[in-house]
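The values are calculated or read from the model by the stated rules, or taken from the named source; none is laboratory data. Just so it is clear, the structure is predicted and the values come from calculations on it, not from any experiment. When we count neighbours, we look across all protein chains shown, and the Cβ atoms used for this are built from the backbone with ideal geometry, even at glycine. All accessible areas refer to the heavy atoms of the entire protein, side chains included, with ligands and DNA or RNA removed. Shrake-Rupley method; radii C 1.70, N 1.55, O 1.52, S 1.80 Å.
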Amino acid sequence: MGTAVVPSSMEVSIPLGDQKDGSFVGRPNQKDLDAGALFVLKSRGSWWHCGYHLTTSIVAPVLLSLPFAMSLLGWGAGIVCMALGAAVTFYSYNLLSLVLEQQAHLGQRQLRFRDIANDILGPAWGKYLVGPLQIAICYGAVVACTLLGGQSLKFIYLLYQPDGKMKLYQFISMFGGLTLFLAQVPSFHSLRHINLISLILALAYSVCALSGSINIGNSANAPPKDYSLVGSRVDRLFGVFNGISIIATTYASGIIPEIQATLAPPVKGKMFKGLCVCYSVIVTTYFSVGISGYWAFGNQSRGTILTNFMGDTKPLLPTWFLLMTNIFCLLQLSAVTVVYLQPTNERFERKLADPKMDQFSARNVVPRLIARSLSVVVATTVATMLPFFGDIMALFGAFGCIPIDFILPMVLYNAAFKPSKRSFIFWVNTTIIAVSSVLVVIGGVASVRQMALDAKAYHLFANV
């Protein structure tokens, strides 16, 4: 427990629990599981499926805001922050998977974030902090994705009807209708094929963003390239922290235990393979989109690179290309939205379903249909009322994603494995906790300040 070896799911020796008749004492029995774990978090997947789920939970169209984040940071700081975000989150998610593997080997496999916090840190952590924080992040992501889906639909509409009269809230409602249908997919594991398509779509629109940026950057009508940081000293300082919050959000997941729960036992080493699949996609997409977009537009980079593609007076790329890119984004957003509905679905199933009856019996299907539909309707309504996507994303990064993805896994690992205070891993974890805690405070202040500034231009059901 006190070794100084950097953790890898292929290297760490995890103590085994007491065995009886070849099985671990305390292994969850299917009959003892509540309806949420039994119906939503089915443990049937392979590490490939895990990779698809991980990729969909992290790689989303929010990565198209990376050029904007780099414009707040500059070349050096922007690339360093993206690299550190990738390294720290890969390390963090791997640590969390090791803690979950340890619990599984001890015969106490945990399927939910709040359960692992309950067992290792105490009931109060799971009930009053981790559980509510995870639900807030995931449901907030559903709202943000619904908003972005509506914006994508409006973008497509304006390509062909530049003087069209339809409002943003109408497009958000349309996207909500699609989500309403997909939300009825019964379990997380049932999304594996949808999430494979989602992975392919993420690669597709990233290639489009990369090629579009290169084409515009090399064209005769290329915008002037200015990479200086704009604004007063205070604006630049807050911009830096806002940019860090945006980058942190693009690497966030918040549902690592629920994804690992979909793995069929034994789970040892499978999550590490899934993370490798996911981060191969992350490295390919994030750096290509962020660097190419910032190279093409410099400090004129807007909240999403697609807005830059539209130009000030006319589109800078062919209409068919912009349409194709937005369709890829729109379809992938639908998958991301449904993935982040899973913690809410699990809660509803746990409270409303009867685990002793069949999952598809009328007794369980009717409350599931009503609860999931109401969840989507509420998220869609909030998205239509508060169209502040960029500000919401930065705020979530500061107060939600950084604590649960950058801090909590280190705390859980130190509490579960108890590494020596003289060990390298202990000090790496402690340093990440300390730096991330400072970023929560500063990034939170910067995000709230930005929301206060932008709120003057917004109103309920704004058509932005």
One residue is enough: does region 25-33 have a residue meeting the conditions modelled with pLDDT of 50 or more, of a type in the set (S, T, N, Q) and either touching a His at 6+ places or on another chain (Cβ under 6 Å) or closer than 27 Å to A415 by Cα (or both)?
yes
Output the residues belonging to region 171-189 that are touching a residue at least 12 places away in the same chain (Cβ under 8 Å), assigned to a helix (DSSP H, G or I) and out of contact with any strand residue (DSSP E or B) (no Cβ under 8 Å at 6 or more places or on another chain).
F171, I172, S173, M174, F175, G176, L178, T179, L180, L182
Evaluate the following for Q102: is it closer than 23 Å to P343 by Cβ and either out of contact with any Asp or Glu (no Cβ under 8 Å at 6 or more places or on another chain) or aliphatic (A, V, I, L, M) (or both)?
yes
When region 109-146 is checked residue by residue, the ones that are crowded, with 24+ Cβ neighbours inside 10 Å and among the hydroxyl-bearing types (S, T, Y) are T146
Every residue from region 75-89 that is farther than 24 Å from N429 by Cβ and open to solvent by less than 10 Å² (accessible area, probe 1.4 Å):
G78
For a quick check of your reading of the model, give me the residue pairs whose first member lies in region 230-252 and is on the phi > 0 side of the Ramachandran plot, whose second is open to solvent by 20 Å² or more (accessible area, probe 1.4 Å) and among the basic types (K, R), with beta-carbon atoms closer than 7 Å and at least 6 apart or on different chains.
none
Can you name every residue in region 311-324 that is within 13 Å of Y160 (Cβ to Cβ) and touching a helix residue (DSSP H, G or I) at 6+ places or on another chain (Cβ under 9 Å)?
P315, T319, L322, L323
It is to be established whether one or more residues within region 186-193 are of a type in the set (K, R) and touching a His at 6+ places or on another chain (Cβ under 8 Å).
yes
Looking at region 156-184, which of the residues that are surrounded by 15 or more Cβ atoms within 10 Å (Cβ to Cβ) and among the small types (G, A, S) is farthest from the chain's Cα centre (by Cα)?
S173
Testing K314 on (1) modelled with pLDDT under 90; (2) more than 30 Å from L158 (Cα to Cα); (3) of a type in the set (D, E, K, R), one condition comes back false. Which one is that?
(2)
For region 242-269: of the residues being within 27 Å of L66 (Cα to Cα) and hydroxyl-bearing (S, T, Y), which is farthest from the chain's Cα centre (by Cα)?
S245
Could we say that L73 is of a type outside the set (S, T, N, Q) and at pLDDT 90 or above here?
yes
Per the list (1) surrounded by fewer than 24 Cβ atoms within 10 Å (Cβ to Cβ); (2) at pLDDT 50 or above, residue check on V40 breaks on (1)
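Quick check on V365: is it at pLDDT below 90, out of contact with any strand residue (DSSP E or B) (no Cβ under 8 Å at 6 or more places or on another chain), part of a helix (DSSP H, G or I) and β-branched (V, I, T)? Full working, then the answer.
On the way: at pLDDT below 90: no; out of contact with any strand residue (DSSP E or B) (no Cβ under 8 Å at 6 or more places or on another chain): yes; part of a helix (DSSP H, G or I): yes; β-branched (V, I, T): yes.
No; evaluated as a whole, the condition is false for this residue.
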Of the residues in region 191-206, how many are touching a residue at least 40 places away in the same chain (Cβ under 8 Å) and either open to solvent by 70 Å² or more (accessible area, probe 1.4 Å) or within 30 Å of A371 (Cβ to Cβ) (or both)?
10
For region 88-133, give me each residue that is not hydrophobic (A, V, I, L, M, F, W, C) and not in a helix (DSSP H, G or I).
G107, Q108, R109, Q110, R112, G122
